[in-house]
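Below is one structure; the comments refer to it alone.
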Amino acid sequence: MSGRGSLRTLWRSFGDHGRALRAAVALRMLASIAMTVPVVAVAWVVERIRAGVLTDREAGAVAAIVVCSVVVQYGLWYASNHFAWVRTFHAVGDGRIAALRHVQSLPVGEVSGRRTGDIGAVLGADHEQVAVFAHHGLMTLVGGAVVPVVTVAGLAVVDPALALATGASIVAAVPVFVGVNRAFVRRALARADALAEANGRIVEYVQGIATARSYNRIGPALAWYRDAVARMRAVNDDLAVRITPLAYVAIGTVFLGVPLVVAVAGYAVLGGRVDEWAAIVFLVLVLRVYAPLVSVAVEVEGLRLTDAALTRIRRLHALAPQAFPARRLAEPDGHDLAFAGVTFGYDPAVPVLTDVTLTAPAGAVTAVVGPSGAGKSTLLALAARFHDPDRGEVRLGGVPLRDLTADQLRRAVTVVFQDVYLFAGSVRDAIAFGAPGVDDAAVEAAARAARCHDLVTALPDGYDTWVGEGGLTLSGGERQRLSVARAILKDSPVVLLDEPTAALDPLTERDVQEGLAALSHGRTTVVVAHRLSTIRTADHIVVLDRGRVVQVGTHDELLVDAGGRYARLWADRERAVGWRLPGSGSPGPHPAVRA
Amino acid sequence: MAVTARAPGALRGVRLLLPFARYGRWQYAASASLALAGTAAQLLPYWAVFLVLRDLVDGTLTRGGVLDAAAVALVGVVAMAALLGGATWLSHRAAFATLEQLRLRIGHRLGEVPLGYLTRRRSGAVQRVLHDDVERLESFLAHAVPDLVSSAGTLVGITVWLLVVDVRMGLAAASVVAVAVPLMIVGAGIGAARTEAYARAMSRMNASIVEFVRGLPVVRTFQRGDELFAETAAAVRDATRFQAEWGRRLLPVHTAFYTLLSSNVVVVLPAGLWWWSRGELTTADLLFFLVLGLGYTTALLKVVQLTTQLGRLAVGAALVHELDRAPVLPEPSAPAVLGPPTVEFDAVSFAHRDDAGRRVPALRDVSFTARPGTVTAVVGPSGAGKSTLLRLVARFADVDSGAVRVCGVDVRDLPVAQLMDRVALVQQETFLFDDTVAANLRLARPDASDADLEAAARAARIHDAVAALPDGYATRLGEHGARLSGGERQRLSVARALLKDAPVVLLDEVTAHVDPENEVALQHALEVLVPGRTIIVVAHRLSTVAGTDEILVMAGGRIAERGRHEGLLAADGHYARMWEAFTAVEAPGPSGCAA
């Protein structure tokens, strides 16, 4: 995480625009140098006055030089800012688009679920951080660092010994500054931990407030919260107490150069070692040389944050894209889906599926059942090639999924997700999403098959009603049926379906079921099933347990093994469905509870 | 000045924060005083340099004079570091005190506002403010006072000093400010005019990016993805163009502002030389202006920077304001006399406000009585008002018309604590604190013995799972009870409700998100909880409630039908249709009840 490494990365990440950034930096440096010209002019004037030889013409000339230098400074600053501002934003914009393109090429499994927020943050906030720093913080850093360096270097030409005196305090301040930084980083980590813990408590308080209140424990909960808040304050106080004095010692050390230079220059000129001209230059410049360093110190934090952002951006680009063949290699023969010895884990060391071999026959419904965590959803994800297996192969019509082009795969397979995402658009757009160019009649037919035509016509604008982000919010059941209509219209030979577990009222439930039956009719369907009717009527059932296939067969075949996993699962489910809440007329409260 | 949108309401933010700043007021005041003193100390080095230069020019420099000047400079530097350091330290502490009060106020209010007010969105907003916004406030508040005072102090102090020495030159030196300030106003005007459009372009880009990432799985399955990518890339380019355009427009004014402020020498030198050459300015005074006048106007930059940050204050303080204005449910202080545990709804109508503030009717003219010891079920499609009904019993909000009575008393006439003693609410989403199992259980009854806890856990069929944990009942549950599965958490929640031993229990779709294996265990737990109490249950599976004492069928916020299962079936209305759909879908096996 070194500062220099970050800057190099910044350069590189800017690509073509790197030249613009370098130009901006160079111009800023020149501008900083230009800023010293008036000061030198002042010194020269002062010397001429002291020597009593300042003529009107000289005074006029100096004034003109000063005005010119300010104009030049303006020009240089303008040009620098132009490159820094305008080009920076374009560079970051291009960077974002490149990152978007890269994300698009990644396996879907890398992008979905929990990763969504992280990736969104990289594309959004992290790029923003780079933009802000590059156009502002970096320039301040450069400008601030250059002035003292150039000044001292220039002074060295005039008188090396005095220049040394001027630079001495800067050099002396460096270890102090480094020490402050190190102390800060050390404490910052501990502080971050303490703050995270306190913040966790605060979040818990906010989320658990309803529970606390319903148990009349708001008092203790509040006391606990107050404790966390007080601890946050204590931790912050602690850091401030320790770091602030150190920081100002560092600042003070830098500025000690002023009395030092005053004394050294004064003595030197009295001793005849330097001439008056040199002494005046030093005295005048010493007042301007240290202040920029303070702004540098402030911007170092920005450098650190930008470095972290760049690291995350780099990591995103380092993720391997999913490889698809560029040209059609083979045509699937039929539409059965087969798993051959598939092993897979999100972390390869922890497999979620182990040595899975099964076939989902073409045109038939295959239900996948098993306890939670058995790997059912993962199976579906692999069938859709959201991930590639660590070992083994998934084949469609005999052709490995890896050998299908993106087009072939997309046309062959439809996934009906648990969590239905609708883009901002009309209902018609949502249903026709996978089948561009279809006419309204086809859309309506699909809606009818999915049992959502009636609900759509009941909406304010019918099929033209705007849904999704910023539009009408549909209920879970409505979204599911739209999702099924979408899948029906797309008309792929293979359907992968993760049956939602969310509760729906019976009427909606039946509509959804009928829609799903319409969808799976004649198609190779693999469904992670929860509903009794789905499982029972499936053509083929696969029982997964802890990532392995333990049983396969039809419902009746599987029930034969009365002690088997399936039989037990089925019995549980039947019991759950057949259960009734006891009405009144039942015995009193459980005696064991009244202690 | 970074190119960022200036948030509106800076002054409003300050006003909202003032009450909290009161808690640190002595420290803020002390910080300001020290900063002022520090600023004065800051001027001493300038004076020291001036003294030496003057003597040098006059030819009256002596060793003693040099030493004196160096001493003055030394005192100035040390004093400045100490005083400004002290000022910063104090202002940090004051800031932490202010923030503590802000957080405490929010926490306190959360315990008072109606639970219905704390929607998921609001809860999320509160968490965000408590974390992010308060942190941002922190860095601002910690530096605002000393920075503002020292910058303004420097600016004003030196200007006054210059004016005292020579009015004309003082005016000349300060003239840049007179030109710079209108420039700043013009620049702010350019900025403000575009702030809204800028914010919109940026948020459109961010929304587009989020949609891209979230929608990627859908797009990959249904479309080629070119269109989505193109749309998102276009949004990015738009925002980038906007940023660049804004930068371009702001550039001339901004650069001029900066240049002017850092080079008032362009006025001071020519003016000074002019008057000096005409003998209207002494050499000493000219020197004085050249030394002190150079670059002191950069202090104005700091002031400008700080005012742009003021806008950020608005956000966090605004939330507090909003929370403060949230309605509080009035409650009597004295406990009421309670009758038997009946729950009665008397012509209740209720509408709640959605996130956009619109009124959404939830219940219309609902009347029913749940007698003691009976089980009343509420069924109907989602959005029919079922959960709302339960929440009104627990007084999450007050009804618009009619009355809700528990134990014969209107809930508005009961102190909340007394109501919560009598009512237990078990919901789909359990909340468990990051504490031991025992502590979570004792939430219901702080003085429960270990035997009590175990009895309740056994009854709820969760004892074995707890005993299997590393430390048994003393095991910490982790965030949100993460060591237990969903079903186990629910059973713990039931155990908690058992411990509470309230006569009225409200069950809100408790078996909804439980994996089927755990559902049977949970059902057993509920069998223990129900008998002898007044139960109102919203069930997610229709078969569950077929044996209850009364079933209320809700549609569109009204009770459409009511009665027992057999009677409702015979009536062949809503319920009969739902039951028919239910059996068609769930197709219970031989062990279940046929329709």
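Counting only DSSP beta bridges with both residues in region B:343-586, tell me the antiparallel percent, nearest 5.
Taking every DSSP beta bridge within region B:343-586, about 55 percent pair in antiparallel fashion.
Using alpha-carbon pairs under 8 Å, 6+ residues apart, how would you state the relative contact order of chain B in percent? Before the final figure, lay out each step's value.
Values: 869 pairs, mean separation 84.9, N = 595.
Relative contact order here is 14 percent.
Between residue A:164 and residue B:22, what is the label-to-label distance in nm when each label sits 7 Å out along the Cα-to-Cβ direction?
With each label placed 7 Å out from Cα toward Cβ, I get 6.2 nm.
With just the Cα atoms of chain B, tell me how far they stretch along each of the three principal axes, in Å, largest first.
116, 60, 49
Whole-Hz Karplus ³J(HN,Hα) for region B:210-226, in order, using 6.51 cos²θ - 1.76 cosθ + 1.60 and θ = phi - 60°, x for Gly and Pro?
My calculation for region B:210-226 gives 4, 5, 4, 5, 5, x, 4, x, 5, 4, 4, 7, 10, 9, 7, x, 5 Hz in order.
Gap in Å between the Cα centre of region B:324-345 and the Cα centre of region A:313-327?
Cα centres, region A:313-327 to region B:324-345: 61 Å.
Mind listing the long-range amide H neighbours of residue B:554? Cut-off is under 5 Å, sequence gap 5 or more, other chains count too, H placed in the peptide plane at 1.01 Å from N.
The list, which skips near neighbours in sequence, is B:379, B:380, B:560.
Would you mind getting me the FRET efficiency between residue B:249 and residue B:413? Use the beta-carbon distance for r and R0 = 51 Å, nearest 0.05. Write down the numbers at each step before the final one.
Working: r = 63 Å, r/R0 = 1.24.
For residue B:249 and residue B:413, the calculated efficiency is 0.20.
Find the centroid of the Cα atoms in region A:57-129 and in region A:456-491, then give the distance between the two in whole Å.
Cα centroid to Cα centroid, the span is 41 Å.
Using the basic label-point model (7 angstrom from Cα toward the beta carbon), what is the residue A:53 to residue A:153 distance in nanometres?
3.1 nm
Less than 16 Å apart at the alpha-carbon level, and either on another chain or at least 8 residues along: which lysines does that give for residue B:302?
none
What are the extents of the Cα atoms of region B:398-452 along their three principal axes, listed from largest to smallest and rounded to whole Å?
43, 24, 14
Taking 0.36 nm per residue of separation and subtracting the Cα-Cα distance, what length does fully extending residue B:181 through residue B:468 add?
96.1 nm
Through the Karplus equation 6.51 cos²θ - 1.76 cosθ + 1.60, θ set to phi - 60°, convert the phi angles of region B:82-96 into ³J(HN,Hα) values in whole Hz; use x for Gly and Pro.
5, 5, 5, x, x, 4, 5, 4, 5, 5, 4, 4, 4, 4, 5
Could you give me the ³J(HN,Hα) list for region A:512-523, computed from phi with Karplus coefficients 6.51, -1.76, 1.60 and θ = phi - 60°, whole Hz, x at Gly and Pro?
4, 4, 5, x, 5, 5, 4, 5, 7, 4, x, 10
Find the centroid of the Cα atoms in region B:94-125 and in region A:399-435, then give the distance between the two in whole Å.
Cα centroid of region B:94-125 versus Cα centroid of region A:399-435: 43 Å apart.
How much space per residue, in cubic angstrom, does the convex hull of the C-alpha atoms of region B:405-551 take up?
115 Å³
Do any trypsin sites (Lys or Arg not before Pro) in region B:169-256 lie in a DSSP loop with no more than 15 other beta carbon atoms within 10 Å, and if so, which? Before the final figure, lay out each step's value.
Numbers: sites: B:194, B:200, B:204, B:214, B:220, B:224, B:237, B:241, B:248, B:249; in loops: B:224.
Here the trypsin sites (Lys or Arg not before Pro) that fit, given the DSSP loop and packing criteria, are B:224.
With n ≥ 4 as the cut-off for DSSP H runs, can you work out [θ] at 222 nm for chain B, using -39500 (n - 2.57) per run divided by the number of residues, rounded to the nearest 500?
When only DSSP H runs of four or more count, the value is -20500 deg cm²/dmol.
Mind listing P(r) for the protein assembly as shown? All alpha-carbon pairs, 10 Å bins, whole percents.
It works out to 2, 8, 14, 17, 17, 14, 10, 8, 6, 3, 1, 0, in whole percents.
I'd like the antiparallel share, as a percent to the nearest 5, of DSSP beta bridges with both residues in the protein assembly as shown.
Approximately 55 percent, going by the DSSP bridge assignments.
Tell me, what does the Kirkwood hydrodynamic radius of region B:205-293 come to in angstroms if you use every pair of distinct C-alpha atoms?
18.0 Å
Can you list the residues, at least 5 places off or on another chain, whose amide H is less than 5 Å from the amide H of residue A:418, using H built in the peptide plane?
A:498
Is region B:10-324 rounded, prolate or oblate when judged by the Cα gyration tensor, a ≥ b ≥ c being the square roots of its eigenvalues, rounded requiring a/c under 1.5 and prolate requiring a/b larger than b/c?
Oblate shape, in that a/c is at least 1.5 and b/c is the bigger or equal ratio.
5 Å is the cut-off here: which amide hydrogens, built 1.01 Å from N in the peptide plane, fall below it relative to residue B:353, excluding neighbours closer than 5 in sequence?
Here the answer is B:360, since their amide H atoms fall under 5 Å of that of residue B:353.
Among B:299, B:126, B:74, pick out the residue whose Cα is farthest towards the positive end of the charge dipole of region B:10-324, where Lys and Arg carry +1 and Asp and Glu carry -1 on C-beta, about the Cα centre.
B:126
Return the calculated 222 nm mean residue ellipticity for chain A, to the nearest 500 deg cm²/dmol, obtained by summing -39500 (n - 2.57) across DSSP H runs with n ≥ 4 and dividing by the residue count. Intermediate values should be presented prior to the final figure.
Working: 24 runs with 365 residues, N = 595.
So the helix-based figure for chain A works out to -20000 deg cm²/dmol.
Give me the one-decimal nm value for the distance between modelled label points at residue A:196 and residue B:580, 7 Å along each residue's Cα-to-Cβ direction.
5.8 nm
Identify, among B:342, B:40, B:269, the residue whose Cα sits farthest towards the positive end of the charge dipole of chain B, taking +1 on the Cβ of Lys and Arg and -1 on the Cβ of Asp and Glu, with the dipole about the Cα centre.
In chain B, that residue is B:269.
No value in this document is a laboratory result; all are computed from the given coordinates. In this text, all values refer to a predicted model and were calculated from it rather than measured experimentally. All Cβ positions, glycine included, derive from the backbone under ideal geometry; neighbour counts span all protein chains shown.
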